[in-house]
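Colleague: Have a look at this one before I ask anything.
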Amino acid sequence: MSMRAWPGLVDLQVNGFRGLDVNADDVTIDTITALARELWTQGVTRFLPTVITASEEKILHALETIAAARRTDPLVAHSIAGIHVEGPSLSADEGARGAHDVTQLRDPSVDELERWQRAADGLIRIVTLAPERDGALEYITGATARGIRISLGHCSPSPERVREAVRTGATLSTHLGNGIPATLPRHPNAIWAQLASDSLTAMFIADGHHLPADALTAMIRAKGVPRSVLTSDSAALAGSAPGRYTTPVGGDVTVGHDGRLALTGTPLLAGSGASLLDCVAWTFAELRLPEVQVLAMASHNPARVLGIDLSNDHVDVEMTGTRPAIHRVVVAGTTVYEKEG
């Protein structure tokens, strides 16, 4: 065993964790503040609560609640580095839409985006959309002009449409390799086009279920570590006992004995059952990358995407082989978690 001093982990996609759901109909300020505190126990010092496809009314309520939660506690405000809106302008194709509600999918609207930002106190930092949707290129231009990063995800565009989106201002890929039809032509396809673009930084879910180790290894080699980000995409069912559940993200979801979250009766995933710390541990164990590279992808690179400073966030970690255990977490210079004993 050995002790390490790590920078705080930074997660760009958090739908929920340990029963706390950003997208619940009854989400409250307490839900959001408790989520931040639970993530501290996982070494996550900065994160983006992620609001998914829903009616505009429901999205606005979630955004207002997150903004209000930040106003209650300066440490929570520090940890919530912004908001990621995943949808509702996603592909309706089977597989590509994932667990998103097909009845709420719609074309992008800059007017709606402005209503979101007013409700969110200007906190929206990333919007995930399918670039093939009508009006997507104009939306990318408008969002980028407002300082919002556009991420390509839950989509099945042509390679040329990917390139058009990049030329228009898209800079990220959301959980690359997932949120895409299960069967693709060998080439060309949208995965190759996104891997080939030096203008896109790719987020990867390293939970052992969304991408096998060989695929993630090849993708990181293609993008390069500086353009790769590990993210959890954790759902509220992360950390739950195996069984069948009803949840706003996906509806009928089964938690497997291995922690896999699936739409019941299908092979489709319904978000991740892992924290970013779990993803870091899996990456250490399965990819055998140097610690400096893993921490770049789980901390420094996502911090750079958001333009935030981690100098006052750090985590004391005890390593047993490839398994990290959190001993102490410091957020904005304040100790927020210490392991008992």
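Where a number appears in this text, it was derived from the coordinates with a stated rule and is not lab data. Model, not experiment: these values are computed from the prediction. Cβ sites come from the backbone with ideal geometry, for glycine too, and all protein chains shown count toward neighbours.
Colleague: Enumerate the calculated ³J(HN,Hα) couplings along segment 91-102 in order (Karplus 6.51 cos²θ - 1.76 cosθ + 1.60, θ = phi - 60°), each rounded to whole Hz, writing x wherever the residue is Gly or Pro.
Modeller: So the J values, rounded to whole Hz, are 5, 8, 5, 4, x, 5, 7, x, 8, 6, 6, 4.
Colleague: Follow-up question, since we're still on this one. If we count every other residue with Cβ under 14 angstrom of Ile140's Cβ, Lys/Arg +1 and Asp/Glu -1, where does the sum land?
Modeller: Values: positive: Arg133, Arg146, Arg149, Arg161, Arg163, Arg167; negative: Asp107, Glu132, Asp134, Glu138, Glu164.
With Lys, Arg at +1 and Asp, Glu at -1, the net is +1.
Colleague: What's the exposure ranking of Lys223, Lys339, going from fewest to most Cβ atoms within 10 Å?
Modeller: Lys339, Lys223
Colleague: Determine ³J(HN,Hα), in whole Hz, for all residues of segment 200-216 in sequence, where each value follows from phi through the Karplus function 6.51 cos²θ - 1.76 cosθ + 1.60 and θ = phi - 60°; x replaces Gly and Pro.
Modeller: Computed from phi, the couplings for segment 200-216 are 9, 8, 9, 8, 10, 8, 9, 9, x, 10, 6, 9, x, 4, 5, 5, 5 Hz.
Colleague: Counting other beta carbons within 10 Å of each residue's own, what order do Arg328, Arg323, Arg46 fall into, fewest first? Present the calculation step by step, with values, prior to reporting the outcome.
Modeller: Working: Arg328 17, Arg323 14, Arg46 27.
In order of increasing Cβ crowding within 10 Å: Arg323, Arg328, Arg46.
Colleague: Calculate how many DSSP beta bridges within segment 7-308 are antiparallel, expressed in % of all such bridges and rounded to the nearest 5.
Modeller: Bridges in segment 7-308 that DSSP calls antiparallel: roughly 30 percent.
Colleague: With a ≥ b ≥ c the root eigenvalues of the C-alpha gyration tensor of segment 7-308, is it rounded (a/c under 1.5), prolate (a/b larger than b/c) or oblate?
Modeller: In terms of gyration-tensor shape, rounded.
Colleague: Less than 19 Å from a label point 7 Å out along the Cα-to-Cβ axis of Arg118: which backbone N atoms in segment 143-167 qualify, by residue?
Modeller: 143, 146-148
Colleague: Could you work out Rg/(2.2 N^0.38 Å) for segment 228-285, with Rg from alpha carbons only? If you can, show how the numbers build up before the last one.
Modeller: Values: Rg = 11.5 Å, N = 58, 2.2 N^0.38 = 10.3 Å.
Output field value: 1.11.
Colleague: OK, next. With θ set to phi - 60°, apply the Karplus curve 6.51 cos²θ - 1.76 cosθ + 1.60 along segment 325-333 and write out the HN-Hα couplings as whole Hz, x wherever there is a Gly or Pro.
Modeller: Per residue, the Karplus-derived 3J(HN,Hα) values read 10, 7, 10, 7, 10, 10, 10, 6, x Hz.
Colleague: For Val51, which sequence-distant residues (separation of 5 or more, or a different chain) have an amide H within less than 5 Å of its own amide H, given hydrogens modelled in the peptide plane?
Modeller: For Val51, whose amide H was placed from the backbone, the distant partners under 5 Å are His84, Val85, Glu86.
Colleague: Further question: Around Ser173, which amide H atoms from residues at least 5 apart in sequence, or from another chain, sit under 5 Å from its own amide H, with H modelled in the peptide plane?
Modeller: Residues meeting the amide H criterion: Leu152, Thr201, Ala202, Met203.
Colleague: If packing is taken as the mean number of other Cβ atoms within 10 Å per residue, what is the order of 298-304, 119-125, 314-320, highest first?
Modeller: 298-304, 119-125, 314-320
Colleague: Would you calculate a helix-derived [θ] at 222 nm for the chain, using -39,500 (n - 2.57) for each DSSP H run of n ≥ 4 and dividing by the full residue count, to the nearest 500? Show your work: numbers first, answer last.
Modeller: Working: 11 runs with 106 residues, N = 341.
Theoretical 222 nm ellipticity from helices: -9000 deg cm²/dmol.
Colleague: Right, another one. Pop a pseudo-label 7 angstrom from the Cα along the beta-carbon direction at both Thr41 and Glu138 and give the gap in nm to one decimal.
Modeller: About 4.8 nm, to one decimal.
Colleague: Quick one: net charge of Ala130's neighbours, Cβ under 12 Å, K/R +1, D/E -1?
Modeller: Within the 12 Å Cβ shell, the charges total -1.
Colleague: When only C-alpha pairs under 8 Å and at least 6 residues apart count, what is the relative contact order of the chain, in percent?
Modeller: Once divided by the residue count of the chain, the mean separation gives 21 percent.
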